[in-house]
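The values are calculated or read from the model by the stated rules, or taken from the named source; none is laboratory data. Here the structure is a predicted model, which is why all the values come from computation and not from measurement. Note that we place each Cβ from the backbone using ideal geometry, even for glycine, and neighbour counts take in every protein chain shown.
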Amino acid sequence: MAPPAYRTRTSAIHGRGVFATRFIARGEWIVEYVGERLTDEACEARSVDWAPGTTYHTMFFEVSSDLVIDGAVGGNDSRFINHSCQPNCIIDIEDERVHVYAAKDITAGEELTFDYAYEWEPRYPPEMRESHRCRCGAEACRGTIFSEART
């Protein structure tokens, strides 16, 4: 069996990241995002309340309106794929399974990223954008991991 096309290590974007160990061609399947499968209600009960001045960090992946995968419980290295506003990976959700594919050719050593595109909700306090600041460094970085920053 071939070794994975990636490994985790310290990331300049945030904490740990996932990096290509070889060339990955555009369209190539990389990994499935796995972990404990929760209802939205169970996820909300598990969530930690955000407070100003804190960094909110979870490994939840919303699959549908009533299914969330908690990558921190039974997950794999995919839980360390960081956000980027100009990602090199895309997500495909099929049959409630989350697959990560290369959105473009990826060279060995390059960090794997996808756009988290968290949805901004008007009920969120403005300070929440700061704790969800984007550190991707992309030319077109929007400054937040929310899909649209509102002022």
Exercise for the section: Being outside any strand (DSSP E or B) and of a type in the set (Gly, Ala, Ser) is the filter; apply it to segment 62-84 and report the residue that is surrounded by the most Cβ atoms within 10 Å (Cβ to Cβ). Expected result: SER78
Exercise for the section: Could you tell me whether any residue of segment 126-134 is closer than 19 Å to THR8 by Cα, within 15 Å of the chain's Cα centre (by Cα) and part of a loop (DSSP other than H, G, I, E, B)? Expected result: no
Practice task
Inspect segment 115-129 for any residue being at pLDDT 95 or above, surrounded by 13 or more Cβ atoms within 10 Å (Cβ to Cβ) and of a type in the set (D, E, K, R) and give the result as yes or no.
Solution key: no
Practice task
Could you check, for segment 85-107, whether at least one of its residues is modelled with pLDDT under 90, part of a loop (DSSP other than H, G, I, E, B), surrounded by 14 or more Cβ atoms within 10 Å (Cβ to Cβ) and more than 13 Å from the chain's Cα centre (by Cα)?
Solution key: no
Fill in the blank from the handout: Flagged in segment 100-132 as within 27 Å of VAL34 (Cα to Cα) and without any contact (Cβ under 8 Å) to a residue 12 or more places away in the chain, in numbering order, are GLU121
Fill in the blank from the handout: Among residues of segment 31-77 being modelled with pLDDT under 80 and of a type in the set (D, E, K, R), the residue nearest to GLU94 (Cα to Cα) is GLU44
Problem - Yes/no for GLU139 being among the charged types (D, E, K, R), within 30 Å of THR21 (Cα to Cα), over 16 Å from the mean Cα position of the chain (by Cα) and loosely packed, with under 14 Cβ neighbours inside 10 Å - result: yes
